[in-house]
Amino acid sequence: MEFKAKARFMRVSPQKARLVLDLIKGKRVEEALTTLMYARKRVAVDISGLLRSAIQNADYLGQEKGFDVDVDQLFVKSAVANDGPRIKRIRPAPMGRAYRYQRRISHLEIVLAQKGGVEQEDLATVVGEEKTHAPAKKKTAASAKKKSVGRKKTAAAR
């Protein structure tokens, strides 16, 4: 089961948001919140609010909709910062000219998933399939006698 939270039109460049989102990918929710608390980026506050919203979404579905959700087992499955529309602005320049610049906006999305449950290998044994592993290949005499590539010896090796 996956639980999402989105924050759209955030006034931060996606590149800067990705720096913080990469810190929390794959971590448990508790570790991710601690990491965001001590991150020294302005966007970390917004991302921690978004993460808390995703946790609340999971808790709501667990209580109201009857899904079996353990909030302690949640981890950050994916965290994405996409480009939003750019705000075009003009800055005065010398001699009556003008410079254009763009204010970047990002759409943030965090997806939480629950750890545990039935793994693929366990599922195969439940269904009745046996795990088959291919035997390791033995080295033959021909493969062991491969020619070494002729390299020039350095002065230290001579």
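Coordinate-derived values only; no laboratory data. None of these values were measured; they are calculated from a predicted model. Note: ideal-geometry Cβ built from the backbone for every residue, glycine included; neighbour counts use all protein chains shown.
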- Cβ under 12 Å from LEU108's Cβ, LEU108 left aside: what net charge do those residues give with Lys, Arg +1 and Asp, Glu -1? +3
- Sorted by mean Cβ packing within 10 Å, highest first, what order do the peptides 31-41, 13-23, 96-106 take? 13-23, 31-41, 96-106
- Item | Leading residue at positive end of dipole, the range 2-118 (Cβ point charges), from ALA39, LEU61, PRO14 | PRO14
- Message: Given a Förster distance of 30 Å, report the FRET efficiency between LYS25 and ARG103 from their Cβ-Cβ distance, rounded to the nearest 0.05.
- Response: 0.70
- Item | Surrounding net charge for ALA39, when Lys and Arg each add one and Asp and Glu each subtract one, Cβ distance under 12 Å | +2
- Message: Net charge within 9 Å of GLY84 by Cβ-Cβ distance, Lys/Arg positive one each and Asp/Glu negative one each, not counting GLY84 itself?
- Response: +2
- Query: Taking other Cβ within 10 Å of each residue's Cβ, how do ILE24, ILE47, ILE55 sort, fewest first?
  - Reply: ILE55, ILE24, ILE47
